[in-house]
Amino acid sequence: AQKITQTQPGMFVQEKEAVTLDCTYDTSDPSYGLFWYKQPSSGEMIFLIYQGSYDQQNATEGRYSLNFQKARKSANLVISASQLGDSAMYFCAMRGRSSYKLIFGSGTRLLVRP
Amino acid sequence: EAQVTQNPRYLITVTGKKLTVTCSQNMNHEYMSWYRQDPGLGLRQIYYSMNVEVTDKGDVPEGYKVSRKEKRNFPLILESPSPNQTSLYFCASSLRLATSHEQYFGPGTRLTVT
């Protein structure tokens, strides 16, 4: 069975500071992809970043980076220099090669304080 | 503009009245999927389609039907809606079903069944 766990229901961060959102996963697939999505209050799901299980380097996309620790089965999202517009719900998701779907965690609500 | 569209965005209906939520993508994607989002549960897959005329059940298919007669369209049908189908629904698509292919999400349909 595949599973994504996000243990932080809510987090605060001060504007311009960095924040790490935790994500651990479980899968028996040797090949899988890990994704982070942002859901602002308007409701849409916005793709942020992707990490492949065989990628040697951590993925980065602008202010977003993924701290991938394969042995620990963790894929934490790091947001640098937080902005007020980063306030949103963040979902970690995974798809194993043998799966037909994305498995989502329960999400972390991030609030950026001015 | 590459996008996934859903209609309607908001719908309030009564128990038992058949409804269809449309989903369309303009990216020539082979894979399409429907999810529902409920508080504390993240997103759960309802149905998916690997290509035209190829559909299969996800984790929570009860009470839903789908069809894929054209590559671009993947409607979700609720034959006899019930209050427990009150939820936020997302249609998603990706080029193919590969671990590296992110899924593009539609804007969501907020359904209330009374």
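Where a number appears in this text, it was derived from the coordinates with a stated rule and is not lab data. In this text, all values refer to a predicted model and were calculated from it rather than measured experimentally. Methodologically, a virtual Cβ is constructed for each residue, glycine included, from the backbone with ideal geometry; neighbour enumeration extends over all protein chains shown.
Does segment A:29-36 contain any residue that is of a type in the set (D, E, K, R) and in contact (Cβ under 8 Å) with a residue 60 or more places away in the chain? Checked against the condition, which is being of a type in the set (D, E, K, R) and in contact (Cβ under 8 Å) with a residue 60 or more places away in the chain, segment A:29-36 yields at least one hit. Looking only at segment B:19-53, residues that are among the aliphatic types (A, V, I, L, M) and within 11 Å of chain A (Cβ to nearest Cβ) come to 4 in all. For segment A:1-30, residues that are assigned to a loop (DSSP other than H, G, I, E, B), under 15 Å from A:Ser99 (Cα atoms) and either acidic (Asp, Glu) or in contact with a Phe, Trp or Tyr (Cβ under 7 Å, 6 or more places away or on another chain) (or both) total 1. Within segment B:70-83, identify whether any single residue is of a type outside the set (A, V, I, L, M), crowded, with 20+ Cβ neighbours inside 10 Å and touching a Cys at 6+ places or on another chain (Cβ under 7 Å), and answer yes or no. So far as segment B:70-83 goes, yes, one or more of its residues are of a type outside the set (A, V, I, L, M), crowded, with 20+ Cβ neighbours inside 10 Å and touching a Cys at 6+ places or on another chain (Cβ under 7 Å).
If you go through segment B:52-79 and keep only what is in contact with a strand residue (DSSP E or B) (Cβ under 7 Å, 6 or more places away or on another chain) and hydrophobic (A, V, I, L, M, F, W, C), you end up with B:Val60, B:Val66, B:Phe74, B:Leu76, B:Ile77, B:Leu78. Take segment B:62-114 and flag every residue that is without any contact (Cβ under 8 Å) to a residue 60 or more places away in the chain, within 14 Å of another protein chain (Cβ to nearest Cβ) and of a type in the set (A, V, I, L, M). Selection gives B:Val66, B:Leu88, B:Ala98. Listed by position, the strands (runs of 3 or more DSSP E) contained in segment B:6-54 that have at least 1 residues being surrounded by fewer than 20 Cβ atoms within 10 Å (Cβ to Cβ) and β-branched (Val, Ile, Thr) are B:10-13, B:19-25. Residue count for segment B:93-107 satisfying the condition of being in contact with a Leu (Cβ under 8 Å, 6 or more places away or on another chain) and crowded, with 20+ Cβ neighbours inside 10 Å: 1.
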